[in-house]
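The next block holds one structure in the form of structure tokens; read it before the comments.
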Amino acid sequence: MQSRALREYATRRGWTIALQVKEIGSGASQRQLREKLLDAARRREIDVVLVWRLDRWGRSVADLLATLQELDHLGVGFISLTEALDLTTPAGRAMAGLLAVFAEFEREILCERVRAGLAHARRNGQKLGRPRTAARKAGEVRAQHRAGISKAEIARRLQIGRTSVRRILA
């Protein structure tokens, strides 16, 4: 149904379909077919991206906005058929501006929540960050190094990173 409606729209506009992408189960973070389409846009092989719905293109407001900005920078239009969003028109570009405002708002709210959560955790005495496992083994690192054991072997024996061993011995 979606493919037919998109083909009919392209025909009404007098467009030639250069590339048709159909992703099934496209909730994955890396969407290879969408990337293929973006690569075609980067090579200037397409003029417009036509989608059934916005949620078929972007999985988050930030992702949607980033790809829409890239397409705009490349001079490639973007049209969402069901939302009647046509970024090739002034009204459509104004709508994209509103999407950008909401994306920024979403990012700021998320940052505020993260900062509030971290502050709450600190107030409750919770230790944040990675555990200091290597620092607790500094004495053993130095002792094994004095015994002539290589840094790589010390890291293996104590199950810490080689960089941590070098840092302790520096």
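The values are calculated or read from the model by the stated rules, or taken from the named source; none is laboratory data. Everything quoted here is computed from the prediction, not taken from an experiment. Methodologically, a virtual Cβ is constructed for each residue, glycine included, from the backbone with ideal geometry; neighbour enumeration extends over all protein chains shown.
Results, tabulated for the structure shown:
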{"read-out": "Test: residue in region 112-124 that is of a type outside the set (Asp, Glu) and farther than 30 Å from Ala62 by Cβ", "value": "yes"}
{"read-out": "Filter pass, Leu118 being within 30 Å of Ala10 (Cβ to Cβ), under 28 Å from the mean Cα position of the chain (by Cα) and among the hydrophobic types (A, V, I, L, M, F, W, C)", "value": "no"}
{"read-out": "Answer residue from region 76-90, given it is of a type in the set (Gly, Ala, Ser) and touching a strand residue (DSSP E or B) at 6+ places or on another chain (Cβ under 9 Å) and is surrounded by the most Cβ atoms within 10 Å (Cβ to Cβ) among those", "value": "Ser80"}
{"read-out": "Index of the failed condition, Ala62 passing every other in (1) over 26 Å from Ala5 (Cα atoms); (2) assigned by TED's automatic domain parsing to the domain that holds Ala40; (3) assigned to a loop (DSSP other than H, G, I, E, B)", "value": "(3)"}
{"read-out": "Members of region 37-51 that are more than 11 Å from Trp15 (Cβ to Cβ) and touching a strand residue (DSSP E or B) at 6+ places or on another chain (Cβ under 9 Å)", "value": "Leu37, Leu38, Ala41, Val49, Val51"}
{"read-out": "Matching residues, region 105-148, being polar (S, T, N, Q) and either surrounded by 12 or more Cβ atoms within 10 Å (Cβ to Cβ) or modelled with pLDDT under 90 (or both)", "value": "Thr133, Gln144"}
{"read-out": "Condition check for Trp52: under 22 Å from Ile17 (Cα atoms), touching a residue at least 40 places away in the same chain (Cβ under 8 Å) and not polar (S, T, N, Q)", "value": "yes"}
{"read-out": "Test: Arg13 is of a type in the set (Lys, Arg) and modelled with pLDDT under 85", "value": "no"}
